[in-house]
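All remarks here apply to the structure that follows.
The values are calculated or read from the model by the stated rules, or taken from the named source; none is laboratory data. It should be emphasised that the depicted structure is a prediction, and the values quoted were computed from it without experimental measurement. Cβ placement follows ideal geometry from the backbone for every residue including glycine, while neighbour counts extend to all protein chains displayed.
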Amino acid sequence: MNKASTAVAVTGVGLLTANGLDCASNWTRLSNGVSGIRPITRFETEGLGTRFAGCVPDICPDETTIADRHILYANHVAAEAMTQSGISPDGRFAGPLFMAVPGAEHGWEDLFQLRDELAVGAEGLFADPARYERLDRTRTYLRRIDARVALQVADDLGCTGVPLTTFTACASGASAIQFAVEAIRSGETERALVIGTEASLSPELITRFSLLSALSRRNEDPSGASRPFSKDRDGFVMAEGAAALVLESTEAARRRGAEILAFVAGCGEAADTFHRTRSSPDASSIIRCMSQAISDAGISVDTVDYINAHGTSTPENDKMEGKGIAALFGNRAPLMPISSNKSMIGHTLTAAGAVEAVVSILTIVHGQLPPTINYVTPDPELNFDVVPDAGRRQQVDCVLSNSFGFGGQNVSLLLTSAHGR
Amino acid sequence: MGSVWVTGVGIVSAAGSSAADVLSGQASQTDWSTFAPYGIRPVVGFDPERYVPKRGDRRAMSSMMLYAVDAAAQALEGAGILGDAALLGETGLLVAAGMSDRDTSADAALLEAARGDDQWVRHNAAMQEQLRPTLFLAQLPNLVAGNISILLGVSGMSRTLMGEEMAGAECIRLGIAQIAGGQRRIMLVGGCFSAERPEVLASYAAAGLLSRSDGATREAGMVIGSGAAFLVLEDADHARRRGARPYGQVVGAATGRADRSAVGPAEQAWQQWQSIVGEEDSASVALVGGANGSTLLADEERAFADRLAATTDRLVEHRSATEMFGHLIDASAPARAVVAAMMLGGASGEGQADRVVCLEWGHGYGESQLVLERVQ
């Protein structure tokens, strides 16, 4: 039904995950099947059901607050992407900013501090908001403002206009890319900076996901805990991370002689109407989402070479994603290489869509598929080539990257090689 | 670019919980006692069971999610597509929302339990007892949209924007762009906010932004309000074909972030106005604004209104949405758009302006504008 939409060029990428501080170190480990999952040391984990995660290497002091980490991680990956693109020799980005950021809340370290400063008792910290007028105004106010992270990053980088903050849970990073692609396609801008950032790893978030039975509890074997598509998968592994992409119209990139790494050729989305935490049993919204990305790119299902799966390692996600892929790709499904980066770096939640788009681009650029590690006990219901254990040399020109949000927001991106067009 | 119509509106607010109630201008009350010395505007006339009959569904949602689903359902009903599975399946959804209410009594218990040298160990242990699994889902910003999709069937797209006033303004602007660019034929756009949250009031109080009252005198500042507002935006040809009635037609929308120390919001608004309507404009204009309790922004808004009046000579009305609703934060721009649409296409209509310009200026950043006009 749709005619092909214009492809948008990617001219720079930046990556920060448990596997490294930049694209190069990440790629070495991801393409060789190395896990970055480890016990959490940044905060006290005693008493938590899960005590490991995809923690990023130290780039800031342990006591840095979550909100400040979102900003530090974002600026870190933006610098790498902008340097690679050569679009901003002065470190300033003259274009709009599209971010994926978790919702703003006071962290408990703030709350403990406030409790002690205000000397409040059991009646509760917030029982009398007027007490807050005595406090450090900026700190207390800003931590609760949703726009804060994007405003700070936009100011640090010199971005233009109103910075956009999108939140579609685990699809947020992909949604931010989608907004940027639309802005370039419509001619509103020639260039856009996209950043997904995720630093909300904390005792509270672990507890909340644990209460929903969503997390792996393999505390004795952190690096073996994330096992997408395995029969014995028991939940996802929380992770921190960030990724950035410099997107440009193809004309603008060529005009300034930039090297094009890959294209975002298509975006698809579909909201689930079934349940707050579960997909439709027939996987219809997942199928609709993937096929819209493919038709938006103006290609056929047969052209897809490889799928960078959402692959969270929860019993529910992998089952439904597998069902959707099997239905859409039919006879080709068992032969299609499908792998999950989350097996090695965990689930970077809000940033995941951007992180995995960047890994998909590295996959295209390097001509090598990153594996799904910990694939010891295949799930017989998921009959796929998951690129088990070790990376595989294979040139791919067309990658489908899936992101499915907790709460029913599904997004798929179709990424293609620079020489394909 | 195709024309974009507003074909449905819905609102839950301190000034009533239907568009008709709001336009009839019933005075909204400020509650100065619950969170004294600060005021809030609670919603009035809201029936949570109107569109969400199942108790289990209501229990799975925060108060602002309930407001949002109700306002969204009103807008879809007004547009004549509530329950139309085929159309809703292609309808796009853009929602402005932040995190919903925390369980502050649980938080208080956690703070009390976690004292002493090993406070983090105690904190971890206490959380396992205090936190409830369902609360998380009733808090996440994207679950506002999630519940609209699940309960009302809107499923073509679903994206949530965060960022206070500008999130609401961008939902409108980007919703219009989706239709004008031909990606979607129908969009449901809006936002929601809950004011009855001590942790939110504490944050605004810390910044010195809130109005205070001791009963006798009132200091200038924000009075935040609870509510939600949604609009159905539709490709005009599509709406005509299915016989939908327009409230108004979009002339244009703009958002920006001025350096307020260099360029005042009034100047920015004037540039936006000119970029939307051009130099030549003979239509009569009404202005929907309200400076969200800021005296600085009130002065800027007056300066813009004066300039508009001097140029068009036909500024027939200047309405304050802040007076009507309090400050709705994420839902503020959508609520103003609902008021504008009702002024143009509501039941009365005669003798009023041909165009309505809605201003939304963030308390901290961002200036936006939406211009609607009467469909001839």
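Taken as a whole, region B:195-203 holds at least one residue that is facing chain A (nearest Cβ under 7 Å), under 19 Å from the mean Cα position of the chain (by Cα) and either under 21 Å from A:ARG143 (Cβ atoms) or surrounded by 24 or more Cβ atoms within 10 Å (Cβ to Cβ) (or both). Picking from residues in region B:137-153 that are more than 7 Å from chain A (Cβ to nearest Cβ) and farther than 15 Å from A:THR166 by Cβ, the one that is surrounded by the fewest Cβ atoms within 10 Å (Cβ to Cβ) is B:GLN139.
What about B:VAL189, is it crowded, with 24+ Cβ neighbours inside 10 Å, in contact (Cβ under 8 Å) with a residue 40 or more places away in the chain and either facing chain A (nearest Cβ under 7 Å) or not in a helix (DSSP H, G or I) (or both)? Criteria met by B:VAL189.
Exactly one residue out of B:ARG212, B:ARG218 is away from chain A (no Cβ under 11 Å), modelled with pLDDT under 95 and under 11 Å from B:GLY39 (Cα atoms): that is B:ARG218.
Identify all residues within region B:241-275 that are polar (S, T, N, Q), under 24 Å from B:LEU174 (Cβ atoms) and outside any strand (DSSP E or B); write none if there are none. If the condition is that a residue be polar (S, T, N, Q), under 24 Å from B:LEU174 (Cβ atoms) and outside any strand (DSSP E or B), then B:GLN268, B:GLN271, B:GLN272, B:GLN274, B:SER275 are the ones that fit.
Among the listed residues B:ARG245, B:ARG240, which satisfies the condition of being touching a residue at least 40 places away in the same chain (Cβ under 8 Å) and basic (Lys, Arg)? Among B:ARG245, B:ARG240, only B:ARG245 is touching a residue at least 40 places away in the same chain (Cβ under 8 Å) and basic (Lys, Arg). Taking the criterion of being within 14 Å of another protein chain (Cβ to nearest Cβ), over 18 Å from A:ASP305 (Cα atoms) and among the small types (Gly, Ala, Ser), would at least one residue in region A:353-369 satisfy it? Yes, there is a match, as at least one residue in region A:353-369 is within 14 Å of another protein chain (Cβ to nearest Cβ), over 18 Å from A:ASP305 (Cα atoms) and among the small types (Gly, Ala, Ser). When region B:269-298 is filtered for residues that are surrounded by 17 or more Cβ atoms within 10 Å (Cβ to Cβ) and closer than 21 Å to B:ALA177 by Cα, the ones remaining, listed by number, are B:ALA269, B:GLN272, B:TRP273, B:ILE276, B:VAL277.
Screening A:GLY95 on (1) surrounded by fewer than 22 Cβ atoms within 10 Å (Cβ to Cβ); (2) part of a loop (DSSP other than H, G, I, E, B); (3) within 14 Å of another protein chain (Cβ to nearest Cβ) shows it passes everything except condition (1). Just for helices (runs of 4 or more DSSP H) wholly inside region A:122-219: which have at least 3 residues that are more than 9 Å from chain B (Cβ to nearest Cβ)? Hits in region A:122-219: A:148-157, A:172-185.
Listed here are the residues, each with its yes/no results for (1) outside any strand (DSSP E or B); (2) in contact with a Phe, Trp or Tyr (Cβ under 6 Å, 6 or more places away or on another chain); (3) touching a residue at least 12 places away in the same chain (Cβ under 8 Å).
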residue	(1), (2), (3)
B:LEU161	no, no, yes
B:GLN178	yes, no, yes
B:LEU201	yes, yes, yes
B:ALA216	yes, no, no
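Listed conditions (1) buried (at least 21 other Cβ atoms within 10 Å of the Cβ); (2) at pLDDT below 95; (3) touching a Leu at 6+ places or on another chain (Cβ under 8 Å) are all met by B:ILE179, apart from (2).
Search region B:306-321 for residues being within 22 Å of the chain's Cα centre (by Cα) and not polar (S, T, N, Q), and hand back the single one that is surrounded by the fewest Cβ atoms within 10 Å (Cβ to Cβ). I'd like the intermediate steps shown before the answer.
Keep residues of region B:306-321 that are within 22 Å of the chain's Cα centre (by Cα), which gives B:317-321.
Still in the running and not polar (S, T, N, Q): B:317-319, B:321.
Details: B:GLU317: 13, B:HIS318: 17, B:ARG319: 19, B:ALA321: 30.
Restricting to residues being within 22 Å of the chain's Cα centre (by Cα) and not polar (S, T, N, Q), the top hit is B:GLU317.
Of all the criteria given as (1) of a type outside the set (Val, Ile, Thr); (2) within 20 Å of the chain's Cα centre (by Cα); (3) modelled with pLDDT under 95, the one not satisfied by A:ASP282 is (2).
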